[in-house]
């Protein structure tokens, strides 16, 4: 599995497995299947309500902890108590540390994401998190955060696929040293049947899922598709040129 290096030197597998919409009762089996298929980056969130299943799969898999990269995310309603929320997620996962912790959404109406970031910086400094980042942050949210941040986010996880490329935002992130991580890289399945995608796939003897991978059409991104079967799920960081 190819890896990319984040702005703090931590490496992250380019392709990840997202468990959005995986029912809690199915999560352990689904993640075990993903790990058996070769995935080493599992992406969950407090809001998905399936962190315990992810943790159970990690505990039972027999794969060394340092060989699995775990991402989870701060729930919107818990931005005012990020440290407590993180500890709850860490305990649900059954882990001593988390590899990547993200603010799931900025929710600017709350006015709390800068405060949450400050708390996450302390968790990072205490080595409870190997890298911290954001998700669904637009340009103005990044500007506001960076005005007072001591640590530049390692990642901005955003929706990114052939029919929704967000080129300006992705370019700004890269110029700031923030890795772009794509979610829904298959366009929730819709892009798999697009005329351009199918034409390219036919011309290059590839699958439409391979063509949709950001690592293929924009080589500097990581990704995690969310349909939850191991052959199509993943979050991808496109590889840099």
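Computed from the coordinates by the stated procedures, all read-outs in this text should not be read as laboratory data. Everything numeric here is computed off the predicted structure, so don't read it as measured data. All Cβ positions, glycine included, derive from the backbone under ideal geometry; neighbour counts span all protein chains shown.
For the reader, a short list of remarks on this structure follows.
- Filtered residues of region 128-142 (kept if buried (at least 18 other Cβ atoms within 10 Å of the Cβ) and closer than 18 Å to residue 167 by Cβ): 137, 141, 142
- Within region 1-14, the set of residues being in contact with a helix residue (DSSP H, G or I) (Cβ under 9 Å, 6 or more places away or on another chain) and surrounded by 19 or more Cβ atoms within 10 Å (Cβ to Cβ) comprises 14 only.
- Of all residues in region 15-29 being buried (at least 21 other Cβ atoms within 10 Å of the Cβ) and assigned to a helix (DSSP H, G or I), the one that is farthest from the chain's Cα centre (by Cα): 28
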